[in-house]
Each structure stands twice: as structure tokens, then as C-alpha cells.
Amino acid sequence: MTGPLPLVFEAPRRGKPPRHLADLSAEDRAAVAAELGEPAFRLKQVANHYFGRLERDPSTMTDLPAASRGRIVETLLPALLTPVRTMEADKGTTRKTLWRLFDGALVESVLMRYPDRATVCVSSQAGCGMACPFCATGQGGLERNMSTAEIVDQVVDAAGAMARGEIPGGVGRLSNVVFMGMGEPLANYRAVMGAVRRMVAPAPDGLGLSARNITVSTVGLVPRINQLATEGIPVTLALSLHAPDDELRSELVPINTRWTVHEAVEAAWNYARTTKRRVSIEYAMMRDINDQAWRADLLADVLQAYGDWGWVHVNLIPLNPTPGSKWTASRREDEREFVRRLEARGIPTTVRDTRGRDIDGACGQLAAAE
Ligand code: SAH
């Protein structure tokens, strides 16, 4: 715990988050420069500081004219995320931040440093409308969509923390982004795609991350998965399946009553085929609910209906029980048997580590508890 920072209670503000550099397309940038009465290259300079140097403090931007520096930065880089508190685990290599947005909405992100990579888990919505009963965020409903810049700013903050050596292990680079924080990214498609574009664009237009190192995780909004396949940005797709049969999946992932297991898996397969990217199937292991050996066999059947050319791998997530929930994590032996059966069928299977569990920072556990 490095917080708690003082909490400021503000009446919720209505309207859109302030416009930010990260929201702007190339054409928008020219218009905003004109609006500011500044030459177009000013925006390039500010972009260089924000995306390239991961810096937003005007006093360091000595290439901007001193007289208008404050105004330029205020206009282009308004503070979108205010830290409410941070929590650390794993000797400081996992850091969760609770952010307050301009209107008082609360979201969280988690930075995890590993020996070979650093990943930030970001939120795409305040709350979530998908109502999965085992997920902490699903319980409160959707508050609102986040803007592109609100999403990007979580990544810039994490990249800055790595670059400034704030995370034990010395100066490093943020390499991966996963949309596994609060919200359903494909239900906020435009803003999420805008954020992905900023992440993959080379500096100074963006962060220069590799698309394959960005994972978009979804409950399975089929038309949006199909749309994502046509974007020409081969992000990694993760489908939160959690059950191979419609009866159980409709209980665990209610959107299944709209798009079935078969439809969701077919869209994932189509994504793999189109983008040549291996898709990840997320499966939260819940004791005596979805972890039976026969369900492992059924899962293998469902996935192999689309061939065994390596289009998919399964990522088992040990369930993080949320307070008051009737679901709990699987027994070790059941988990092992589940893995064994999938692997026996030639399906690559991994079990997710439980980073940040003790700070409720593990995937699916992010819920603003303030
Ligand atoms: N809306 C997206 C992102 C959600 S969080 C999606 O559903 O994919 C990322 C993953 O964490 C999802 O697979 C989600 O089902 C899973 N998850 C949610 N709550 C969980 C919990 N309590 N324990 C383990 N995984 C959980």
C-alpha cells in the first residue's frame, strides 16, 4: 500500500471527457493547432513529449515557447486520470491503481512486470454491462464508456512508470497491453480501436507497441469480432468462453443467450484464419461448475470442430472468488486433469498465474470498492 491518497468527493459531472491529444486523428490535429493559433508542428512537439518521452509536465517541454507552454499543454494534455490509490504486490512488481475520471467515475488498471516483459491490464469502460455473475465488475452494471484518451492514458502511465524505473528491476519498457480490466472492450468498439491505433502507431503519433502484444478480451460479441478481423491490426483476441455447452455458458456469460458457444467459437476461428493470429480461449476454472473432465473433452470437441491447425490455445484462469459469490476455485487435481485432457487432444493449454491476487488485482477482480 502506498496510498491512500486523500479522497475528494465530487458531484458527478455530465458530458464527455475533456478532449485530449490521444483522441485526435491527424486531421484533427491540424484543426486544433489552428484553434490554438499555433503552427502545426507544435502538436508534433507535444506528441513527442507525451507518446515519445511519456512526459506531461510542461516545465520539461523546453522546446515550446515559454509564454504559451502552459496553455498548449492544458489544452492538449488535460489530466484525465487522477490516482485515488495504488496498491502493490509481488515485491512491487505488480501495481494496481484506482483512478478517478473527470466525472467521478472510478476505474482500475494493473501493471505487472515479469523477467521478460511488462504488461498493463487496462479498463475500457467504467463498470460493465455484461453481468457475468462470477466477475466483480459485472455486479455493478455499466456506468459509461471510456474515451480513447482515457484508455490510452492508462497505458502511457504504465509505460512511464517502466521508463522512469519506478518498478523494481530498473529502467524497462512496457511491452504488452491486455484489455482485461473493467468493461467489455468490444462494447466500446470505436474508442477501443482508437486507443489500439494510438498504441501501435510509431512515436510521435503513438506508443509503437506491437499489435500482437495487445490482447483484446471479449465475452463474444460476434459482429464486433468479425469487424475486428477486418481492421488490419492483428491484435491478439481472447474469447472468454468459460463453458463448452450453451446451458452452462448462458448462466456464466449471459450474452450467450444472444450468441451461442458455436457462434462465438466460429467468430474466434474466423479471426484466427483472417489474421493468422492464434486465438486464446479464456476459461475460469470453477469448482464443480465447469471443471469436470467431461467438459474438458467437450471443450476439445468444440474447438477441434474447426481443425487442429494450431489456431487456438486455452488459458485456464484459477477463479478469484469475489466476495459473497457461490463460486470458488477448482481443486488442484481437477485442474490438472482438465489440462491433461486438453493437451492429450493436442490443444496447447496454460494456467494463468495469479499475480496481484492479494490486492484484488487479478483479472476479473477489478471493481472500484470506494
Ligand atoms: N469483458 C472482457 C474482459 C473481462 S476481464 C471479457 O469478458 O473477456 C478478463 C477475464 O477475466 C475474462 O475472461 C473474465 O471472464 C475473467 N474473469 C472475470 N471474473 C473473474 C474471476 N472472478 N476470476 C477469474 N477470472 C475472472
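The values are calculated or read from the model by the stated rules, or taken from the named source; none is laboratory data. In this text, all values refer to a predicted model and were calculated from it rather than measured experimentally. Virtual Cβ from ideal backbone geometry, glycine too; neighbours counted across all protein chains shown.
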For LEU106, are the conditions met, namely being more than 17 Å from ALA158 (Cβ to Cβ) and touching a strand residue (DSSP E or B) at 6+ places or on another chain (Cβ under 8 Å)? yes
When every residue in region 247-275 that is crowded, with 19+ Cβ neighbours inside 10 Å and hydroxyl-bearing (Ser, Thr, Tyr) is compared, the one farthest from GLY141 (Cα to Cα) is THR275
Counting only residues that are assigned to a loop (DSSP other than H, G, I, E, B) and at pLDDT below 85, region 320-367 contains a total of 16
### Query
Going by the structure shown, is ASP157 surrounded by fewer than 23 Cβ atoms within 10 Å (Cβ to Cβ), in contact (Cβ under 8 Å) with a residue 60 or more places away in the chain and under 17 Å from the mean Cα position of the chain (by Cα)?
yes
message = Whether any residue in region 128-143 is touching a strand residue (DSSP E or B) at 6+ places or on another chain (Cβ under 9 Å), in the same structural domain as LEU239 (by TED's automatic domain parsing) and under 20 Å from ALA22 (Cβ atoms) is what I want to check.
response = no
Of (1) hydrophobic (A, V, I, L, M, F, W, C); (2) assigned to a loop (DSSP other than H, G, I, E, B); (3) more than 11 Å from the ligand (Cβ to nearest atom), LEU111 satisfies every one except (2)
Test: ALA79 is in a loop (DSSP other than H, G, I, E, B) and free of Cβ contacts under 8 Å to residues at least 60 places away in the same chain: yes
